[in-house]
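What follows draws every value from the coordinates through simple rules; no lab data is involved. Everything numeric in this text was worked out from a predicted model, so none of it was measured. Methodologically, a virtual Cβ is constructed for each residue, glycine included, from the backbone with ideal geometry; neighbour enumeration extends over all protein chains shown.
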Amino acid sequence: MSSWRFKDKLILADALGTTLTGLHAIYASDVELSLESESEKDELETSYSGASMETFYGEHISLNFKTPLAMSGTAGNEPAFAPLLLACGMVQVADATSVTFTKGAAVAVTCLVRFGKNTHNISEMKGNVSFALEKGKPMLNWQFKGLFSAPVASTAAPAVDWDRWVRPEVLGVSNSSDFKLNDIKRTLHKITIDLGNNVVFDRAINHEEIMITGHESSANFTLTAEELATFNPFDDVAKVQMFEFTHGTATGKKVTIIGRYQMPWPKYTSLDSELTGYEFDGKLVPSGAGYDELTIVFE
């Protein structure tokens, strides 16, 4: 008898109806696959103590992983993870020079997870994503739910094409990373942006579905604390201000993230340099038009 390496995992994903091949491989790390269900105990009354039998139902799958914030490679092309963004409730609009994503209705994807000798087909997958932008490589953290089907024996792993996953440049001055708050440049140490989707497995007697029932997007970022005459965030509490994060040196390697942010009370924090910074942990709020609190542009 033999098992397999725990890291022997391969994820393929794309739009519903797609025949998945190695061309649809996801450049994933820290992959976590878990089977979830509900249960109901018999609660049998007896003259002795002990566990009751349980009935299990409502099986579905949770799939979490990380990918780099891959670039488009060519102006007007979508990044390799575009189908995953659509499954997280982003809407895509492209022209000859850029691809723009804003909030909207989610479009489910189909997914295949090859976990060593077992392969799981996951249908109707939807989820959430957060952007982790710190020193080093920009990353995306994905959390998905999908409908369950029993695993089957794996066939030979397909040849994969990682060329679609255009490696992002390291965050830093040399690669044109920049940040503005209320159209004023500020010194950024890290920023995390979370779509905040509420992803649920909805089960009725004759229907099962993965749904995004709502969202509350948020952003947490740390800036250098300056003299109040230069930067006084205490005066801006509760105001809605725009922030803009930009990164990348050339066409096909650029990304811009724009957020409509309600300023929270700042929190004092110690920076790596042991100087003082302000940490902001607040919400991205839409205008009266709706779905305009977050914009992501690849150029």
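Run the numbers on the stretch 89-146 and let me know its relative contact order in percent, using alpha-carbon pairs under 8 Å that are six or more apart.
22
Using Cα springs under 10 Å in a Gaussian network model of the chain, which residue among A82, A229, A105 shows the largest mean-square fluctuation?
Its mean-square fluctuation being the largest, the pick is A229.
Shape of the stretch 148-230 from its Cα gyration tensor (a ≥ b ≥ c, root eigenvalues): rounded if a/c is under 1.5, otherwise prolate when a/b > b/c, or oblate?
Oblate, because a/c is 1.5 or more while a/b does not exceed b/c.
When only C-alpha pairs under 8 Å and at least 6 residues apart count, what is the relative contact order of the chain, in percent?
Relative contact order for the chain comes out at 18 percent.
Find how many whole Å separate the alpha carbon centroid of the stretch 1-63 from the alpha carbon centroid of the stretch 230-272.
Computed from Cα coordinates, the inter-centre distance equals 38 Å.
Per DSSP H run of at least 4 residues, take -39500 (n - 2.57); add these up for the chain, divide by its residues and hand me the 222 nm value, nearest 500 deg cm²/dmol.
Working: 1 runs with 6 residues, N = 299.
Using -39500 (n - 2.57) per qualifying helix, the result is -500 deg cm²/dmol.
So what's the projected area for the stretch 2-137, the Cα convex hull averaged over all directions, in nm²?
13.4
State the extension gain, in nm to one decimal, for the chain segment bounded by K41 and N232, taking 0.36 nm per residue of separation less the distance between their alpha-carbons.
Gain on stretching K41 to N232: 63.0 nm.
Would you mind giving the average projected area, over all directions, of the Cα convex hull of the chain in nm² with one decimal?
Orientation-averaged projected area of the Cα hull: 22.3 nm².
How would the stretch 192-299 be classified by its alpha-carbon gyration tensor: rounded, prolate or oblate, with rounded meaning a/c under 1.5 and the a/b versus b/c comparison settling the rest?
Because a/c hits 1.5 or more and a/b exceeds b/c, the stretch 192-299 counts as prolate.
Give the residue from G89, F221, V170 lying farthest towards the positive end of the charge dipole for the chain; charges sit on Cβ (+1 for Lys and Arg, -1 for Asp and Glu) and the dipole is referred to the Cα centre.
Of the candidates, V170 comes out farthest on the positive side.
Rounded to the nearest 20 debye, what is the charge dipole size of the stretch 9-298 about its Cα centre when +1 sits on each Lys and Arg Cβ and -1 on each Asp and Glu Cβ? Let's see the in-between values first.
Details: 23 positive and 36 negative charges, 205 e Å.
Dipole size: approximately 980 debye.
State, as an integer percentage, the relative contact order of the stretch 30-157 based on alpha-carbon contacts under 8 Å between residues 6 or more apart.
Values: 253 pairs, mean separation 29.5, N = 128.
Reported relative contact order: 23 percent.
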